[in-house]
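Please read the structure below before turning to the comments.
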Amino acid sequence: MSTIEFSQLLVSNEEYLKPFAVTLTRDNESAKDLLQETFYRALANQEKYYVGTNIKAWLYTIMRNIFINNYRRKSKQKTVFDNSPNDFLLDSKQAVITNDAIANLQMKEIQQALHQLPEIFKNPFLLYFDGYKYNEIAEILKEPLGTIKSRIHFARKLLKEQLSRF
């Protein structure tokens, strides 16, 4: 198939590709760019197209892959544009400095809330928090499995109420 025939085949399928591009991008300008990139890639890879293959499916696949690759690239980039007159680019992956004092205070509050739990809920919850499985906790405390699950559930609920601001 000659390049001219292939180009005409691409143009004849443009009306099917436009709505798909708009669906993917949800923006007319981005959809036009995606369509143009799809045609470019199709022309660049014309030798990979075999006569008789469903051209629409081939073009849809190219378009979808371009969209996915662009989306992944943008999500990794994470650059924020500042609209101030200086037009700075802010990198959102800047180092974060933790405040150890706040973290220590929060940890103390969490520990206080744990120690204020009634013993019936605190023991199973602490064992669960230490990594024991429900059935192991039931054997250690010599209680039915359902009872242990319910006590851990209520311990979580009580802690969530006490520590609602975290």
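What distance in nm lies between label points placed 7 Å from Cα along the C-beta direction at Asn69 and Leu9?
Between Asn69 and Leu9, the simple spin-label model gives 2.1 nm.
Determine the gain in length on full extension of the stretch Arg156-Phe129; use 0.36 nm per residue of separation and subtract their C-alpha separation, reporting nm with one decimal.
Values: separation 27, 0.36 × 27 = 9.72 nm, distance 1.07 nm.
Length gained between Arg156 and Phe129: 8.7 nm.
Taking a 22 Å limit on the Cα-Cα distance, which of the listed pairs Lys122/Lys160; Lys76/Lys160; Lys108/Lys133; Lys108/Lys149; Lys56/Lys76 fall beyond it? Show your work: numbers first, answer last.
Numbers: Lys122/Lys160 14 Å; Lys76/Lys160 34 Å; Lys108/Lys133 26 Å; Lys108/Lys149 26 Å; Lys56/Lys76 30 Å.
Those over the limit are Lys76/Lys160; Lys108/Lys133; Lys108/Lys149; Lys56/Lys76.
Give the residue from Leu126, Leu105, Ala138 lying farthest towards the positive end of the charge dipole for the stretch 100-162; charges sit on Cβ (+1 for Lys and Arg, -1 for Asp and Glu) and the dipole is referred to the Cα centre.
Value: Ala138.
Between Lys18 and Ala113, what length comes free when the chain is fully extended (0.36 nm per residue of separation minus the Cα-Cα distance, one decimal in nm)? Don't jump to the answer; show the numbers that get you there.
Working: separation 95, 0.36 × 95 = 34.20 nm, distance 5.78 nm.
Extra length from Lys18 to Ala113 when fully extended: 28.4 nm.
I need the shape label for the chain. Rule: rounded when a/c is under 1.5, else prolate if a/b > b/c, else oblate, with a, b, c from the alpha carbon gyration tensor. Working shown, then result.
Details: a/c = 4.58, a/b = 2.25, b/c = 2.04.
Because a/c hits 1.5 or more and a/b exceeds b/c, the chain counts as prolate.
Any chance you could run the full-extension gain for Ser164 through Tyr50? It's 0.36 nm times the residue separation minus the Cα-Cα distance, nm to one decimal. Present the calculation step by step, with values, prior to reporting the outcome.
Working: separation 114, 0.36 × 114 = 41.04 nm, distance 6.16 nm.
Stretched out fully, the Ser164 to Tyr50 stretch lengthens by 34.9 nm.
Please enumerate, by chain and number, the lysines with C-alpha under 19 Å from the C-alpha of Lys74, excluding those fewer than 8 residues away in the same chain.
Result set, ordered by chain and number: Lys32, Lys93.
Just so you know, all these numbers are worked out from the coordinates, no wet-lab data involved. Computed from a predicted structure; not experimentally measured. Here the Cβ is made from the backbone with ideal geometry for all residues, glycine too, and neighbour counts use every protein chain on show.
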